[in-house]
Amino acid sequence: MNKILLKRKGELGFNLIELMIVMAIIGILLAVGITGYRVAIRSANETAAAQSLANIRTAQLNFNSKYKRFAQNFDELVEKMEFDDKFKGDKALVNGYEFTMVATEPAPNSPAFYSVNADPQDQAGRHFYIDSTLTTIRVSDEERPARKDDKAL
């Protein structure tokens, strides 16, 4: 019995090497987890931005059928079409994307026009674009705002 107690006396806890190995494993797991988490968040934000652009297009079409012009800004859409309150202001920041709208009134020789850009707040991610002449959302993988001539989503 005394031999067992003497053996156990030297094993009071973890040694430094064991602790360092456990810390390294935890660090690796955290690095992988954080990277995956960021990718998932960016993907979710991109999907939400594309959906928001589709909603803006629908709201603008409804606004145009009612008022014979396009809304000049997000505030007008929020007020007259009961659009999402998160879009108040000149530049709306929603789900990590900054939305900007440009609209022109109809003129004798040109129809009413609007365009909306959705650019990621941290510039990491895809950029989106929609206007009154397009039926699909345009997307740019480059670090610049999307344009009319970019590929369709």
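The values are calculated or read from the model by the stated rules, or taken from the named source; none is laboratory data. On a predicted model such as this, the values are computed, not experimentally measured, just so you know. Using ideal geometry, Cβ is built from the backbone for each residue, glycine included, and neighbour counts are taken over all protein chains shown. Side chains included, ligands, DNA and RNA excluded: accessible areas come from the protein's heavy atoms. Shrake-Rupley method; radii C 1.70, N 1.55, O 1.52, S 1.80 Å.
Points worth noting:
- For segment 112-128, a residue qualifies if it is touching a strand residue (DSSP E or B) at 6+ places or on another chain (Cβ under 6 Å) and more than 16 Å from T47 (Cβ to Cβ), and the qualifying residues are F113, Y114, S115, V116, N117.
- For segment 108-153, taking the residues that are assigned to a strand (DSSP E or B) and closer than 15 Å to N64 by Cβ, the one that is farthest from the chain's Cα centre (by Cα) is identified as S110.
Conditions tested, residue by residue: (1) over 24 Å from A124 (Cβ atoms); (2) open to solvent by 30 Å² or more (accessible area, probe 1.4 Å); (3) among the basic types (K, R).
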| position | (1), (2), (3) |
| --- | --- |
| A44 | no, yes, no |
| S52 | no, no, no |
| T58 | yes, yes, no |
| Q72 | yes, yes, no |
| D85 | yes, yes, no |
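- Filtered by the rule that a residue be open to solvent by 20 Å² or more (accessible area, probe 1.4 Å), in contact (Cβ under 8 Å) with a residue 60 or more places away in the chain and of a type in the set (G, A, S), segment 94-153 gives A124, S132.
- Residues of segment 74-108 that are small (G, A, S) and touching a strand residue (DSSP E or B) at 6+ places or on another chain (Cβ under 8 Å): A92, G96, A103.
- Among (1) in contact (Cβ under 8 Å) with a residue 12 or more places away in the chain; (2) open to solvent by less than 80 Å² (accessible area, probe 1.4 Å); (3) not aromatic (F, W, Y) - the single one D90 does not satisfy: (2)
- Residue that is nearest to S110 (Cα to Cα) [pool: residues in segment 70-99 that are of a type in the set (G, A, S) and either within 17 Å of the chain's Cα centre (by Cα) or in a strand (DSSP E or B) (or both)]: A92
- Residues (β-branched (V, I, T) and either over 19 Å from T47 (Cβ atoms) or in contact with a helix residue (DSSP H, G or I) (Cβ under 9 Å, 6 or more places away or on another chain) (or both)) located in segment 133-153: T133, T135, I137, V139
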